[in-house]
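The values are calculated or read from the model by the stated rules, or taken from the named source; none is laboratory data. This one's a predicted model, so the numbers in the text were calculated from it and none came from an experiment. Cβ sites come from the backbone with ideal geometry, for glycine too, and all protein chains shown count toward neighbours.
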Amino acid sequence: MKKAFDVVVAGAGPAGIAAAVTAAAQHRRVALVDDNQRPGGQIWRSGASLPRPARVWLSRLEASAVEHLSGTRIFDHPAPGVLCAEWNETAMELHYEKLVFATGARELFLPFPGWTLPNVMGAGGLDAMVRGGLPVAGKRVVVAGTGPLLLAVAAHLAARGAKIVAICEQAPFARLAKFAAQMSRYPGKLLQGLAYRLAARHSRLYCGCWPISASGSTALESLTLRQGNRTWSVACDYLACGFHLVPNLELAELLGCRIQDGFVAVDDLQQTSVANVYCAGEPTGIGGVEMALVEGQIAGLAASGSAEAARKLIPQRRRMLGFVDALRRTCALNPELRRPAADTTLVCRCEDVPFGTLREHTSWRDAKLHTRCGMGPCQGRICGAAAEFLFGWGPDAVRPPIFPALVSSLAAESTNPNKSMEDA
Amino acid sequence: MPDPARSITLTVNGTMVRVQPGTTVAAAILIAGGYTRTSVSGEPRAPLCGMGICFECRASIGGKLHQRSCQILCTQGMDVRTP
């Protein structure tokens, strides 16, 4: 199957929705491609009451002429202007004049003994499972890691009837206080944070605290926490643990976009180093929903040839850059977080490669070749960022397919860029 | 609020599970009291990321192997298998 568009937007989170809707309003033929079944990305998941901006943008998407290709995974970029994707076991070739990618971010998971036990999940991970129908009423939950997501998750789970045993934030109290003071420039965010804290007010917030081990026979039963020199155990049913976010850069790397300090380098109009390719949202810097919406609109306008209109939004984006910076400083990881991993602690969950085995290697590439670390189905999406933090290893080059694809999809992919799937 | 009239029935390893529309297969597997896969060294595993990237939630759904159950919604009569 072959489809052609003026603008293809990869990722249907806030940035992608804003880019697609904005480009469609400029009378461009737009496709919005996403792996998930429903639009909204990770942050605007249905299954719970959505905030006003989410309702506004989702209804704009609904009313637009955007072709929403849900459940569609991009796995290759064989030539400029072409993407290969898979939908419902069918290979698809997407042709574009302009590409906006808004591939979002994932949580950073750090290994500690017992982190592979069932019911140890990401903070956003447990939240997503609950929005997907997992009941947590009456369950004892520890929320841990770092970043504003922890309070949002604790508030949501408490509203669903969970008993939040503890909220453990790795950052020290002084840094959180400084962050809160900086948020006076962004009153909306400050109020939101306070509302979340109020919703989970019966739970104690520990600063400079993190889990050092989890135990249970077939699933999580108890957790050992550390704060300074003090360690103690708590009984719990779920751990929601995420150490802030890392951008999804696989597509950016495949496209050949310049990456700077771990994020996609863009100009004022969200243009990447690659011609006709724009990037919006978390891959350019972790900045949250408001930032993503502004960047998405700029990218959507720029990709539609409306640079003039796009420039009017640049001051709005610049105003948010302070938030990105404050967030980065606040969530900076304590080096002590490297200590909980023991020699037998698995780092790569797909191939079950322990920390002790990895320690003998000198680079990510070396570790991959000798241990199969990062070579399972997730392709290092989970252990890659952990290994970067634990060992200081930089990422390796990305190769297609960037997502597991059927052999039939790979076979359908044309090797000659002038030859399309229909001719093949 | 759960509405029994709108609930969906599916089977997880042959056991009937009743869920609300919009429930993911991963949630149904946990509701059924199981886990999703056995790791290469034999550990039980269950969903980690909830967003389709960690592959810990893969299960056999409707006879198709290695489906990411957190990305798939339950449908009436669905047959889900885990190790």
Give the range A:200-221 a look and list any residue that's surrounded by fewer than 16 Cβ atoms within 10 Å (Cβ to Cβ) and assigned to a strand (DSSP E or B), or say none. A:ARG204, A:SER215
What is the one condition in (1) part of a loop (DSSP other than H, G, I, E, B); (2) of a type in the set (S, T, N, Q); (3) more than 11 Å from chain B (Cβ to nearest Cβ) that A:GLN379 does not satisfy? (3)
Within the range A:228-242, the residues that are in a strand (DSSP E or B) and in contact (Cβ under 8 Å) with a residue 24 or more places away in the chain are A:VAL234, A:ALA235, A:TYR238, A:LEU239, A:ALA240, A:CYS241, A:GLY242
Identify all residues within the range A:338-359 that are in a loop (DSSP other than H, G, I, E, B) and either loosely packed, with under 14 Cβ neighbours inside 10 Å or away from every other protein chain (no Cβ under 14 Å) (or both); write none if there are none. A:ARG339, A:PRO340, A:ALA341, A:ALA342, A:ASP343, A:THR344, A:ARG359
Selection within the range B:54-71 - surrounded by fewer than 23 Cβ atoms within 10 Å (Cβ to Cβ) and closer than 29 Å to A:LEU110 by Cβ: B:ARG58, B:HIS66, B:GLN67, B:GLN71
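A quick yes/no check of all residues on (1) assigned to a loop (DSSP other than H, G, I, E, B); (2) among the hydroxyl-bearing types (Ser, Thr, Tyr); (3) over 18 Å from A:LEU108 (Cα atoms):
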{"position": "A:PRO315", "(1), (2), (3)": "no, no, yes"}
{"position": "A:MET320", "(1), (2), (3)": "no, no, yes"}
{"position": "A:VAL324", "(1), (2), (3)": "no, no, no"}
{"position": "A:ARG329", "(1), (2), (3)": "no, no, no"}
{"position": "A:GLU336", "(1), (2), (3)": "no, no, no"}
{"position": "A:HIS361", "(1), (2), (3)": "yes, no, yes"}
{"position": "A:ALA367", "(1), (2), (3)": "no, no, yes"}
Within the range B:28-46, identify whether any single residue is assigned to a strand (DSSP E or B), touching an Asp or Glu at 6+ places or on another chain (Cβ under 7 Å) and either crowded, with 22+ Cβ neighbours inside 10 Å or at the interface with chain A (Cβ under 8 Å from one of its Cβ atoms) (or both), and answer yes or no. yes
So A:VAL100, is it surrounded by fewer than 24 Cβ atoms within 10 Å (Cβ to Cβ) and either more than 14 Å from chain B (Cβ to nearest Cβ) or over 19 Å from the mean Cα position of the chain (by Cα) (or both): no
Test A:ALA18 against the criterion of being hydrophobic (A, V, I, L, M, F, W, C), part of a helix (DSSP H, G or I) and more than 14 Å from chain B (Cβ to nearest Cβ), and give yes or no. yes
Evaluation of B:ARG6 against (1) more than 12 Å from chain A (Cβ to nearest Cβ); (2) among the basic types (Lys, Arg); (3) crowded, with 22+ Cβ neighbours inside 10 Å (one fails), failing number: (3)
Filter pass, B:ALA59 being without any contact (Cβ under 8 Å) to a residue 60 or more places away in the chain, in a strand (DSSP E or B) and more than 9 Å from chain A (Cβ to nearest Cβ): yes
Would you please name the residue that is farthest from the other protein chains (Cβ to nearest Cβ), looking only at residues in the range A:21-56 that are buried (at least 20 other Cβ atoms within 10 Å of the Cβ) and on the phi > 0 side of the Ramachandran plot? A:GLY40
Mind checking which helices (runs of 4 or more DSSP H) fall wholly inside the range A:108-199 and carry at least 3 residues that are touching a residue at least 60 places away in the same chain (Cβ under 8 Å)? A:123-131, A:149-159, A:173-182
Applying the selection to the range B:52-69, what residues are under 20 Å from A:VAL130 (Cα atoms) and either among the polar types (S, T, N, Q) or out of contact with any helix residue (DSSP H, G or I) (no Cβ under 6 Å at 6 or more places or on another chain) (or both)? B:ILE53, B:CYS54, B:PHE55, B:GLU56, B:ARG58, B:GLN67, B:ARG68, B:SER69
Determine which single condition B:ASN13 fails, assuming it passes every other condition in (1) within 11 Å of chain A (Cβ to nearest Cβ); (2) out of contact with any Pro (no Cβ under 6 Å at 6 or more places or on another chain); (3) on the phi > 0 side of the Ramachandran plot; (4) not acidic (Asp, Glu). (1)
Cβ pairs under 7 Å, 6+ apart or interchain, first in the range A:243-260 and closer than 23 Å to A:GLY124 by Cα, second modelled with pLDDT of 95 or more and among the acidic types (Asp, Glu), ordered by first then second residue, are A:LEU245/A:GLU107; A:LEU245/A:GLU282; A:PRO247/A:GLU282
